[in-house]
Each structure stands twice: as structure tokens, then as C-alpha cells.
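Peer 1: Shown below is the structure under consideration.
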Amino acid sequence: GRRGVPAVPPEKVGAVQPVLVRVKVPKDAKPGEYKGSVSVAAGGRTVSVPVVLGVADWVVPDPRDFRLFVDLYQSPESVAMQYKVEMWSEEHWKLLEKSWELLGRAGNKLVVVHAAEETQFGNPRGTVYWVKKPDGSYDYDFSVFDRYLEMAKRHCGKLDHVAVQVWHVGNTMKTGSGWGTSPLDQKVTVTVKNGSGLESLRVPAFATEDSRKFWKPFLAAVDKRIRDAGHGDALCVGILWDSIPKGALFKTFDEIWPGGGPSRWMRGCHVATSSTGPYPAVKRGPGQIVLHEYC
């Protein structure tokens, strides 16, 4: 063995497995010392380990009430892939429940949902489905969106941001832009529910009259659902990155924003900011960045 440390015979060497004991203390628990034990079984043996817990005379606030701001992406696609279950099946929803429980413990304040398909978040389909009406206009199927948002609220409380993805960044296959600024006529598709099946629909080029007509009723509908769910003006759209698109994009969304502009945007980028609140998307121009994530 090492100097001063006796060698351990091979037959005495074993594995070491740390065990974390998590205790949820009720808010009305009386302060003091609590004693108990945990039984650990391994290798044919069961050992009783004493556990002592000291409870102070002070209640820690729930994580959702902490001053620290936490926003973490919950990826339903990743959960489905990891556990090999069908998207939005009941098995999938059970797994998502646990995912949101963990996010609630962290004090998460963000939900990312998708209008656009195949964004950088890895979603093949949208979270909301367009449904074509006989007159050629569209209604919306919010069944998945509503259940997802309700689950998030149950574990995280009132959300600061419900970020609806409508824009692609850095996706060469979708935008033809490489890692430059995505053009206003980039290819963005949404999910259309056609009977029992799903198909893709390319949206009109941004900053056009057709684009205004396409997005305005959708934004109004999704904003109403977010407000009715108790999250106030949590709606924002995204996602922007280092390169900011032309001001025409933000001007268009300002004009169709529910209740009037400026439009509210999410940005994830390698550019820092000294702003302590929302700031203009375009210098002295339209649009506001309300969620800036510095990577």
C-alpha cells in the first residue's frame, strides 16, 4: 500500500455507491431534530442507517418565488426519443409530468412551444395544428398546447414567458442562410391537421400583407389562451440569434401584435447585453427583446 496505509486484500475490495436521501419538509413542520433510519440492501445484506434531520424555524420559499430567474428548455421530443414512446401518447404525457416536476423544483419560468416546424429545438411538427375551414381560412387545434401549458403551470406556477417559435435561425436546409441572417422569404412550415393525419403548410413570406393576414389571427388566439390560463402578457415569439433580421420583420409583427405593439421577442445568442429590461430589437426601431439568453 501507500506509505502508512496498509494494503487491502483483493477479497475485501468492494464498490462504493453514494446514496442521496431527499426529504421534503412540510411548511407547517415544527422546528427541531427529527430522527429516523433508512434500510439499504446490497449483496445479500440489509443495513439500517440512521438519519438525523435538523429543521430550522424558517420556511424556505418555493423555488418559483426565488429572486433568481431560471429558464430551462423542456424538450418533449427528447423525452419521446429517450424512452422510445410515441409523441403525445399517454405514456409520453406520464413521462412529461415527471420532467415538469423537476423543472418546477428548479423554479423554471419558461415554456417553449412551436408554431413553426423543424426549428433549432428539434421539433418535426408544431405544438399547435392549423385546421382549414371551408372558406379557406384557418382555425387552430390547441389540444396539445393547452395540456402542455396546463402541466407546466401545475408545476411551475405563473410563467414569465411562453415563447412561441415562428422563425428559423441558422438552419441551412430551411432558410438557405447558413449561419447568416435568415431572409424574410425563408422556408417556414406549420402543421396542418387534415382528418386524422398531419401535413406541412409553407407560410407566406414574412413582412407581406399575406403574412399579416396569416399570423394576426393566430397570435390573437394564442395570446388569449395564455391570458386565460393566468399567465398575463407572457407571450413572446422567436427565436432570434446573433444576427438580427431586417426591421421589416419586427414592424410587421408590431402591426399585428395582440393589443398593439411592440412585438415581444426571444433571443438566444453569443452577444451580451447590459440592458436590465426589454430593449429594441432594431436600434430606435420596432420590436422588443423581452428574453435575452446569452450563450
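The values are calculated or read from the model by the stated rules, or taken from the named source; none is laboratory data. Just so it is clear, the structure is predicted and the values come from calculations on it, not from any experiment. As a convention, Cβ positions derive from the backbone with ideal geometry for all residues, glycine included, and neighbour counts pool all protein chains shown. The protein model used for the area step is the full one, side chains on, heavy atoms only, and it has no ligands, DNA or RNA in it. Shrake-Rupley method; radii C 1.70, N 1.55, O 1.52, S 1.80 Å.
Peer 1: Assigning unit charges at the beta carbon (Lys, Arg +1; Asp, Glu -1) and nothing else, what dipole magnitude in debye, to the nearest 20, does the chain show about its Cα centre?
Peer 2: My answer is approximately 740 debye.
Peer 1: Hey, any idea what % of the chain's accessible area is carbon plus sulfur with a 1.4 Å probe? Intermediate results must be reported in sequence, preceding the final value.
Peer 2: Values: 9420 of 17320 Å².
Carbon and sulfur: 54 percent of the exposed surface of the chain.
Peer 1: Mind listing the Cα extents of the stretch 59-218 along all three principal axes, in Å, largest one first?
Peer 2: For the stretch 59-218, the Cα extents along the three principal axes come out at 55, 37, 30 Å.
Peer 1: Also: Could you tell me the ratio Rg/Rh of the stretch 125-274? Both radii from Cα atoms, Rh via Kirkwood.
Peer 2: On the Cα set of the stretch 125-274, Rg over Rh gives 0.96.
Peer 1: Moving to a separate point now. Let me make sure I get this right: for the stretch 17-125, a, b and c are the square roots of the gyration tensor eigenvalues over alpha carbons, sorted descending. Under 1.5 in a/c it's rounded, otherwise prolate if a/b > b/c, else oblate. Which is it?
Peer 2: It is oblate, given that a/c is not under 1.5 and a/b is not larger than b/c.
Peer 1: At 0.36 nm per residue, and after removing the present C-alpha to C-alpha distance, how many nm does the segment from Lys98 to Asp228 gain when stretched out fully?
Peer 2: Answer, rounded to one decimal: 44.3 nm.
Peer 1: Residue by residue, what Karplus-based ³J(HN,Hα) values in Hz, rounded to whole numbers, does the stretch 288-294 have, using 6.51, -1.76 and 1.60 with θ = phi - 60° and x for Gly and Pro?
Peer 2: 9, 8, 9, 9, 10, 9, 8
Peer 1: What is the ratio of the Cα radius of gyration of the stretch 70-148 to 2.2 N^0.38 Å, where N is its residue count, to two decimals?
Peer 2: Relative to the 2.2 N^0.38 Å estimate, the stretch 70-148 comes out at 1.22.
Peer 1: Next up: Measuring from centroid to centroid over Cα atoms, what is the spacing of the stretch 1-66 and the stretch 203-274 in Å?
Peer 2: Going from one Cα centre to the other spans 49 Å.
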